[in-house]
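Read through the structure below, which is laid out as structure tokens, and then see the notes.
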Amino acid sequence: MNDKKDIFILAIETSCDETAAAVVKNGRIVLSNVVSSQIDLHKKYGGVVPEIASRKHVEKINPVIYEALVQAEMTLEDVDAVAVTYGPGLVGALLVGVAAAKAIAFATKKPLIGVHHIEGHIAANYIENHDFKPPFISLIVSGGHTHLVYVKDYGAYEILGKTRDDAAGEAYDKVARAIGIGYPGGPKIDELGLEGDPDSIEFPRAYLEEGSFDFSFSGLKSAVLNYLNRSKMMGESININNVAASFQQAVIEVLVTKTIACAKKMGVNKIALAGGVSANRGLRQLMKKECEKEGVFLQYPSISLCTDNAAMIGSAAYFEYIKGITHDLDLNAVANLKLKNKL
């Protein structure tokens, strides 16, 4: 089955609370993409519990890899390389995936490719639109990251902006907890926001100093908490739909404004969304509206490819593999792995 004109990569992703494996052909064609989610396990705790996540990964990793191979109608001998997320993420969770990938690479004598989780999110945009290619500006928004990246070429990045405190997704989760709607915060606030008035409460927009593409959401989060506390002290009723809508509007206005400005400065007419928060309907709608106004092409993945999955890791790994970039079997998990300029 393995025609050497084609490259088949078995990819593994266990950075947080999804155990995922996929087989990807030539970086863009997904033959299988299996995800075992743990959301229901962690809901009762209001967030991901690292120890529980790691134990569940150990339980699920082999069946998920097996299922990915079955769906792709392949064996381990058929794949050309094994890819795995090695950071950033929860170290215990990452270690499960890294150990599995190293064991397979060792046993089959296949190359091992360690993938940066954020690079995987960027690569998700290559899967459904086979004509989409660099250069472009990517806005990566997730529970742990908010980055503006100039993607100069496949695997070649320049970081133009990042969060100075809370990531956008982190702010969503904290505000969701404060208004009592639980975990995961992003989808729930997005849902509530549809029923609320985004102009009903004036929350701050942190644009920082002129010309900066960095982000800051800590002040906005504090403003929401202060509003809730003040309303309770005054005995005023709180419309959580309006709180959710107004908070979300304050977040997405900054994200969209800075992304469009970044594209203009770099002379790029393509923007790609990436990361779990890129599934947010409010963000997609406002970004689409502003991109149409500015004549900028907007690309974003399907919802299933926005959240953590292994297909995006297989896509990113392919572009490393064809450049001859692989890793030794001493590859280790790096919980706080930074996205660095790669030009």
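The values are calculated or read from the model by the stated rules, or taken from the named source; none is laboratory data. What you see is a predicted model, and the numbers here were worked out from it, not measured in a lab. Every residue, glycine among them, receives a Cβ derived from its backbone with ideal geometry; neighbour counts consider all protein chains shown.
Of everything in segment 285-340 that is among the β-branched types (V, I, T) and touching a Pro at 6+ places or on another chain (Cβ under 9 Å), the residue that is surrounded by the fewest Cβ atoms within 10 Å (Cβ to Cβ) is V334. The number of residues in segment 1-60 that are modelled with pLDDT under 95 and among the β-branched types (V, I, T) comes to 4. When E67 is tested against the conditions (1) under 30 Å from D153 (Cβ atoms); (2) under 24 Å from the mean Cα position of the chain (by Cα), the lone failure is (1).
Evaluate the following for K265: is it part of a helix (DSSP H, G or I), among the charged types (D, E, K, R) and buried (at least 18 other Cβ atoms within 10 Å of the Cβ)? Answer is no for this residue. Here S216, S231, S200 are screened, and the one residue that is within 27 Å of V49 (Cα to Cα) and either in the same structural domain as G143 (by TED's automatic domain parsing) or polar (S, T, N, Q) (or both) is S216. Selection of first residues in segment 219-239 that are at negative phi and of a type in the set (D, E, K, R) and of second residues that are in a helix (DSSP H, G or I) and surrounded by 14 or more Cβ atoms within 10 Å (Cβ to Cβ), restricted to Cβ pairs under 9 Å at least 6 apart or on distinct chains, gives the following pairs, ordered by first then second residue: K221/E170; K221/A171; K221/K174; K221/V175; K221/A178; K221/F247. Residue-level check: of (1) at pLDDT below 90; (2) assigned by TED's automatic domain parsing to the domain that holds V48, G182 misses just (2). The residue of segment 114-128 that is nearest to A11 (Cα to Cα), among those that are out of contact with any Leu (no Cβ under 7 Å at 6 or more places or on another chain) and small (G, A, S), is G120.
Selection of segment 142-155 for residues being in a strand (DSSP E or B) and either within 24 Å of V24 (Cα to Cα) or basic (K, R) (or both) yields V151, K152, D153. Quick one: count up the residues across segment 300-331 that are touching a residue at least 40 places away in the same chain (Cβ under 8 Å) and within 21 Å of H145 (Cα to Cα). Looking only at that region, the number is 17.
Across segment 153-179, the qualifying residues are those that are more than 18 Å from I271 (Cα to Cα) and among the hydroxyl-bearing types (S, T, Y), and the one among them that is surrounded by the most Cβ atoms within 10 Å (Cβ to Cβ) is Y172. Among the residues of this structure, A83 does not count as one that is more than 21 Å from the chain's Cα centre (by Cα), among the hydrophobic types (A, V, I, L, M, F, W, C) and within 20 Å of I313 (Cβ to Cβ).
Within segment 32-56, residues that are over 25 Å from K174 (Cα atoms) and in contact (Cβ under 8 Å) with a residue 40 or more places away in the chain reach partners that are in a helix (DSSP H, G or I) and among the charged types (D, E, K, R) with beta carbons closer than 9 Å, at six or more positions or on different chains, in the pairs S32/E67; V34/E67. Scanning segment 127-152 for residues that are surrounded by fewer than 24 Cβ atoms within 10 Å (Cβ to Cβ) and among the hydroxyl-bearing types (S, T, Y) turns up just one, Y150.
When Y183 is tested against (1) in contact with a His (Cβ under 9 Å, 6 or more places away or on another chain); (2) of a type outside the set (D, E, K, R); (3) buried (at least 21 other Cβ atoms within 10 Å of the Cβ); (4) part of a loop (DSSP other than H, G, I, E, B), exactly one condition is not met: (3).
Yes or no: L255 part of a strand (DSSP E or B) and touching a strand residue (DSSP E or B) at 6+ places or on another chain (Cβ under 7 Å)? For L255, the condition - part of a strand (DSSP E or B) and touching a strand residue (DSSP E or B) at 6+ places or on another chain (Cβ under 7 Å) - is not met.
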